[in-house]
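Student: Below is a structure I'd like to ask you about.
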Amino acid sequence: MDKVLIIGCKNTMDDVCIGCSRCLVGFNRRDGMFERYGADAQLMGLLSCGGCPGAGIVQRLAQVKLWNAPLDESPTHIHVAPCLSDHCPHADDIVTKIQAKAGIEVIEGTHPYLPPVVFG
Ligand code: SF4
């Protein structure tokens with residue numbers, strides 16, 4: 001069964017993108033980069049980068065593993081949210097580290113609901 005871990009920007013999650021609802025709704029509806037998943041896929045985590053400059057991201061992945069080990073839960077896919085992949089000045093480094101160390105598929109992108117403009 002596919003189990004998804006979303007990673008986003010600590011500065012943005014829940015404060016700017018309130019409730020992280022667009023990622024969650026996008027997953028529930030299998031919209032955007034979640035179109036690939038079947039009905040039985042599960043969202044197993046929503047993780048922040050840990051804060052600028054994202055130096056602790058690999059340790060945070062290790063913490064996810066440890067924290068979920070008693071539950072026998074582990075992600076099969078990581079999605080990097082647009083708050084991180086599209087707007088973080090450290091995104092290249094962070095995504096490179098995730099790709100190098102996760103050991104599972106890393107997909108850039110989550111929901112498709114970013115408005116193209118503010119006005120108009
Ligand atoms: S390192 Fe990037 S993703 Fe993390 S809090 Fe800072 S701006 Fe956001």
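The values are calculated or read from the model by the stated rules, or taken from the named source; none is laboratory data. Quick caveat: nothing in here was measured; it's all calculated off a predicted structure. With ideal geometry, Cβ positions are generated from the backbone for all residues, glycine too; neighbour counts draw on all protein chains shown.
Student: Please note which strands (runs of 3 or more DSSP E) are completely contained in region 2-120 and include at least 3 residues that are at pLDDT 95 or above and within 16 Å of the ligand (Cβ to nearest atom).
Tutor: Fully inside region 2-120 and qualifying: 3-8, 42-48, 77-80.
Student: Let me ask something additional. Pick from G56, G26: which is among the small types (G, A, S) and touching a residue at least 60 places away in the same chain (Cβ under 8 Å)?
Tutor: G26
Student: Does G38 satisfy the condition of being free of Cβ contacts under 8 Å to residues at least 60 places away in the same chain and loosely packed, with under 14 Cβ neighbours inside 10 Å?
Tutor: Answer is yes for this residue.
Student: Suppose the filter is surrounded by 14 or more Cβ atoms within 10 Å (Cβ to Cβ) and in contact with a strand residue (DSSP E or B) (Cβ under 9 Å, 6 or more places away or on another chain); does A55 pass it?
Tutor: In short, no.
Student: Can you pull out every residue in region 100-116 that is over 21 Å from E35 (Cα atoms) and either touching a His at 6+ places or on another chain (Cβ under 9 Å) or not aliphatic (A, V, I, L, M) (or both)?
Tutor: K101, G103
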